[in-house]
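The values are calculated or read from the model by the stated rules, or taken from the named source; none is laboratory data. All of these numbers come straight from a predicted model, not from anything done at the bench. Please note: Cβ atoms are built from the backbone with ideal geometry, for glycine as well, and neighbour counts cover all protein chains shown. SASA here: full protein model, heavy atoms, side chains in, ligands and nucleic acids out. Shrake-Rupley method; radii C 1.70, N 1.55, O 1.52, S 1.80 Å.
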Amino acid sequence: MFTWKPKEVPLVLDALRADRIANGELTAIDELVWRELAFRFTNKRTGACFPSYETLAIHAGCCKRTIGNSIKRLKEAGWLRWKRRWWRRRVPGGIEVAADSNSYEVRLPRRWWRSVHEGKACARTTHLILSIGAAHLMNATRTCFTPPPVPPTPEVPPSFGSNSLAAIEDDGLRQALARLGKAIEEKTSRPAPA
């Protein structure tokens, strides 16, 4: 059932992206289909999720065959479970008809449990995390992760970015701005009429 805390959701999405990039089993469409199932179609209270292929295809922007292949890949990678639901009903004439649809369970593969719930990477997933640069999925320390050096800031000329009239090279503009500043000072220093 979909029970991640709000602070764990970005970690789950990064884990899905790490699986997609490093393993090569999943595609970008698989990631999109999983997100649609998890965040649009899953009932957060009951965990019920049973959209049709047509509905998923509309929301993911692809065809039904792509949705079917994507669901198979997500199931093989451990990100999804699905089972067929059977409904029986009577129609006029006393014949029973069985209709079926799929019920989905959005999951987190076991290999990512520790990374997401504890914020630590297990040995099996460390190479995936390092290959995509998601250091926040590991408990990074100074010994295993050093930030890149910050380049020195270039020297700025003293007149650049200052608010001084002396920095303006055009004499006419400098004089006009000085007159404007003087007029503003006079206006603000006068008392307001009562």
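Keeping to region 2-46, report how many residues are touching a strand residue (DSSP E or B) at 6+ places or on another chain (Cβ under 7 Å) and either free of Cβ contacts under 8 Å to residues at least 12 places away in the same chain or not aromatic (F, W, Y) (or both).
Counting residues in region 2-46 that are touching a strand residue (DSSP E or B) at 6+ places or on another chain (Cβ under 7 Å) and either free of Cβ contacts under 8 Å to residues at least 12 places away in the same chain or not aromatic (F, W, Y) (or both) gives 3.
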Members of region 1-17 found to be part of a loop (DSSP other than H, G, I, E, B), under 16 Å from the mean Cα position of the chain (by Cα) and surrounded by 13 or more Cβ atoms within 10 Å (Cβ to Cβ), listed by number: W4
Enumeration of residues in region 18-47 that are closer than 25 Å to K5 by Cα, in a loop (DSSP other than H, G, I, E, B) and open to solvent by 40 Å² or more (accessible area, probe 1.4 Å): N43, K44, R45, T46
